[in-house]
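Worksheet: the structure to be examined is printed underneath.
Derivation of every value follows stated rules applied to the coordinates shown; laboratory data play no part. Quantities reported herein were computed from a predicted structural model and do not represent experimental measurements. Glycine gets a Cβ as well: all are built from the backbone with ideal geometry, and neighbour counts include every protein chain shown.
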Amino acid sequence: MTADPAIDLRGVSKRYLTRGGEVEAVSSLSLAIRAGEFVAVIGPSGCGKSTLLKMVAGIETPTAGTITVEGGTPDQARRRRLFGVVFQDPVLLPWRTLEGNVSLPLEIVGSRRPERARSARELIELVGLAGFEASLPAQLSGGMKQRAAIARALILNPSILLLDEPFGALDEYTRNQLNLELLRIWSQSRVTALLITHSIQEAVLLADRVVVLTPRPARVAMEVDVTLPRPRQLAQLRTRECFELVGRVSAALYDRLEREAGRERGEPAAALAPGHLDSR
Ligand SMILES: Nc1ncnc2c1ncn2[C@@H]1O[C@H](COP(=O)(O)OP(=O)(O)O)[C@@H](O)[C@H]1O
Ligand SMILES: [Mg+2]
């Protein structure tokens, strides 16, 4: 018997009511994530990725379908503080030091000052920022701020890490560096990780499984198991196995675009790559 998934989405839909009418962001999406698994979700901009993550986090409620997180509702999971969340914008308080920012969640739950300082320093060390405890956010680079956001997300010892394009604003070098850091942290802490990204390479380097979403409304277009051995290294990005995986994710992601472009060129549909997606 296999254990229940840590995160289980069944037939989940989300419609937003806006002044311009209804916007369907997510449509009958089902996805199960095992405890300790690292899942990367990739999809076109505006397809509903953040909406998906917010529903898992208990910030938005689905219009249809159910989400179960470690045996309860997302809202219960949020109250049990099961989540650590990292967004693209690290949102650090500018007047607080790095240590003050990282320890903020502990302050909110009322933990005592010596314990806060000890935990914050441990995590600052874990994310490679030792020595910068007293620095203000303005004195930190973009990559360092994002490391701080990761440390802050981990300080309440979450069992689930939700990451919404955390490295999207970083240059490629820093991004790769932080990818390796995240891998190390994940393999040490064994949290369940759900990463939204728009980088195919990042998805393949980090994840056990890459879930490709359709253009809005988001549904699962394809799932690719990433068979690259662990521990992962950047050098694996240059292997044939990795090229093959990146190619499969890319084909699923660009399937519709490529077919549309082919139609514009007047090519018969049969001449194009086999459709992985539903032919809406
Ligand atoms: N709070 C909201 N109210 C109304 N529409 C929203 C809201 N949040 C997102 N949307 C719409 O839902 C769609 C998906 O948005 P989002 O989940 O942010 O996409 P992604 O993260 O994939 O770029 C978009 O069309 C967006 O405009
Ligand atoms: Mg988004």
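What are the residues whose amide H is under 5 Å from the amide H of S30, where those residues sit 5 or more places off or on another chain and H is modelled from the backbone?
G11, V12, V220
I'd like the Karplus ³J(HN,Hα) series for the range 135-141: coefficients 6.51, -1.76, 1.60, θ = phi - 60°, whole numbers in Hz, and an x wherever there's a Gly or Pro.
Computed from phi, the couplings for the range 135-141 are 6, 8, x, 4, 8, 10, 6 Hz.
Calculate one ³J(HN,Hα) per residue across the range 200-208 by plugging θ = phi - 60° into the Karplus curve 6.51 cos²θ - 1.76 cosθ + 1.60, and present them in order as whole Hz with x for glycine and proline.
Once θ is set to phi - 60°, the couplings for the range 200-208 become 5, 4, 4, 4, 6, 5, 8, 8, 7 Hz.
Would you mind checking which residues have amide H under 5 Å from G65's amide H? H placed 1.01 Å from N; only 5 or more apart, or other chain.
Hits under the 5 Å cutoff: S13.
With a ≥ b ≥ c taken as the square roots of the eigenvalues of the C-alpha gyration tensor of the range 1-106, please select rounded if a/c is under 1.5 and otherwise prolate if a/b is larger than b/c or oblate if it is not? Kindly include the intermediate steps, with their values, before the conclusion.
Details: a/c = 2.00, a/b = 1.24, b/c = 1.61.
Here the range 1-106 falls in the oblate category.
Can you list the HN-Hα couplings for the range 211-227, worked out from phi with the Karplus curve (6.51, -1.76, 1.60; θ = phi - 60°), rounded to whole Hz and with x for Gly and Pro?
9, 9, 9, 7, x, 3, x, 5, 9, 7, 8, 6, 10, 10, 6, 8, 8
Need the C-alpha centroid separation for the range 114-147 versus the range 164-216, integer Å.
That distance is 21 Å.
In the chain, what % of DSSP beta bridges are antiparallel (nearest 5)?
Details: 20 of 39 bridges.
DSSP beta bridges in the chain are roughly 50 percent antiparallel.
Obtain the nm distance between the two label points defined at L17 and R265 by a simple spin-label model: each point lies 7 Å from its Cα along the Cα-to-C-beta direction.
With each label point 7 Å from Cα toward Cβ, the separation is 4.6 nm.
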